[in-house]
Amino acid sequence: MEPVLDNLDLYWSGFLRSLGIIGWSLLGSMVLGTVLAAFRVSPVASLRAFGTAWVTLVRNCPLTIVLFFMAFGLPEVGVNASFYVFGVTGLVIYTSAFVCEALRSGINAVDRGQAEAARAIGLTFGQTMTQVVLPQAFRSAVPPLGSVQIAMFKNSAVVGAFGVGADLFSVGKTLTSAQGYAYIPVLTGVAIGYLVITLTAGVLLGLLERKVAIAR
Amino acid sequence: MARTGRVWIVSGGMTTHRTAAEGGGSGEPLVVLDHVDKWYGDLHVLQDIELTVHRGEVVVVIGPSGSGKSTLCRAINRLEPIDQGTITLDGEPLPAEGKELAALRAEVGMVFQSFNLFAHKTILENVMLGPVKVRGIKKDAAEKRARELLDRVGVGHQAAKYPAQLSGGQQQRVAIARALAMEPKVMLFDEPTSALDPEMISEVLDVMVDLAERGMTMVVVTHEMGFARTAGDRVVFMADGAIVEEATPEQFFTNPQSDRAKDFLGKILQH
């Protein structure tokens, strides 16, 4: 494990960089996915159509294609940003479709009567969603949302491969390709870095699930 | 258990269409359904419904399952949209989906068969949500009012609990308090006791009788014939999506006019 121990500082900075990508993508995809899920159950037909089209398009497109569109397609039409911004945005867009569907399964698990009662006391559609339906939907959607986000954590490595640079995955690339270290120890170090993130997330999810569980 | 109700002074020669002035109401029309029709596919669930509920009146809707009585009740606050005809509340026609409809629903209290208390909120929060979010009332004022209402329906000491920790009868009384917190012009009850254990039915009916005595305008879909007799000003009997008969409770139960009503009463009063 010498290559890892010799470059611990490099690994550490890569680990933090990856955490950054993951943090922004988690925040962005949850917000965007929630809005999309609300669209998909809204009484407005055009919003429903938009949500459905988004999910169909994005969910069925490989992540690498989405990232190519972001990093190389957008500059062609005059949109410029750093690879980091493009990468995170691409990952947010891609993950949002899965968040939307996981959350929609949670929304469907909320008894119809809850929304009816909310509407019956005069709450608007938006209030019904934010006050009554979504808080309950999130609780029952914690396990599938967890799976979606853990998949996103690992997908952040693909973003790293797109030249965002200096993330955990790129550290492996630098050490092997540029500095000639052996693959197995270097990649083992990278894998351990991701495992620290995903296993911690798994434990936190378990705690969250227990905390928000409600009797029905 | 004081199920006092209103004492019924019914003269023999009353017509089927009793005006509210003769009953509990002030005679002013509050809810008016005019030529209302609704279809589920080929099924004609509401057939040319004509119904006027006057201010202060208690209208009890009874009828066999699938007769359209719940649909009728739910149409009044547009939880079920209608296909033809008009429904007006206090002179205003029901608006289409949107902010205006939400504002109208705030004026119409609704109590469901399955209670539908917000499962993630405490009893107190359930009652406060509407006043705070819809009426914009300050939290401390809303809480004071909510506690008063919870005391009135006899569940004040349960305010900090969650709905699932209460019995069905308690939950339904909270649901009534939640609707009352909006100070509605009319209360709709969609089979409020049908999901309850027999011994819990009376505690909910007591609250409803009390409401009726305080002059609340009520539309009550129920199978509780005792309630219809004691608290109802008028009975509307529905079958197959149509209003078959309208009469005072006394007249309806002692001398039903239609064969359909005779058949229905014969079956339910048999045991």
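Quick note: the coordinates plus some simple rules give every number you see, no bench work behind them. Because the structure is a prediction, the values reported are computed rather than measured. Cβ: placed from backbone, ideal geometry, glycine included. Neighbour counts: every protein chain shown.
Give me the angle, in degrees from 0 to 90, between the Cα long axis of helix B:168-180 and the longest principal axis of the Cα atoms of chain B, rounded to the nearest 10. Roughly 90 degrees between the two axes.
In terms of the Cα gyration tensor, with a ≥ b ≥ c the square roots of its eigenvalues, is segment A:2-215 rounded because a/c is under 1.5, prolate because a/b exceeds b/c, or oblate? Oblate shape, in that a/c is at least 1.5 and b/c is the bigger or equal ratio.
Among A:Tyr183, A:Tyr11, A:Tyr94, the residue with the largest mean-square fluctuation in a Gaussian network model of chain A, with springs joining Cα atoms closer than 10 Å, is A:Tyr183. Per residue of peptide B:124-131, the mean number of Cβ atoms on other chains within 10 Å of the residue Cβ is 3. Of the DSSP H helices in chain A, those that are both long (alpha-carbon extent of 24 Å or more along the helix axis) and hydrophobic (Kyte-Doolittle mean at least 0.5) are A:8-40, A:83-109, A:142-159, A:183-212. Axis of helix B:198-213 versus longest Cα principal axis of chain B: the two differ by about 90°, to the nearest ten degrees. Mean partner shielding of peptide A:121-133, defined as the number of other chain Cβ atoms within 10 Å of each residue Cβ, is 6.
Placing unit charges on the Cβ atoms of the charged side chains and taking the dipole of segment B:163-230 about its Cα centre, the candidate lying farthest along the positive direction among B:Gly215, B:Phe227, B:Gly168 is B:Gly215.
With a 10 Å cut-off around each Cβ of B:111-120, the average count of Cβ atoms from other chains is 6. Relative to the current alpha-carbon distance between A:Asp111 and A:Ala191, full extension at 0.36 nm per residue lengthens the span by 24.6 nm. To the nearest ten degrees, helix B:139-152 and the longest principal axis of the Cα atoms of chain B are 50 degrees apart. Under a Gaussian network description of chain B, with springs only between Cα atoms under 10 Å, the residue in B:Leu188, B:Leu117, B:Leu79 that fluctuates furthest is B:Leu79.
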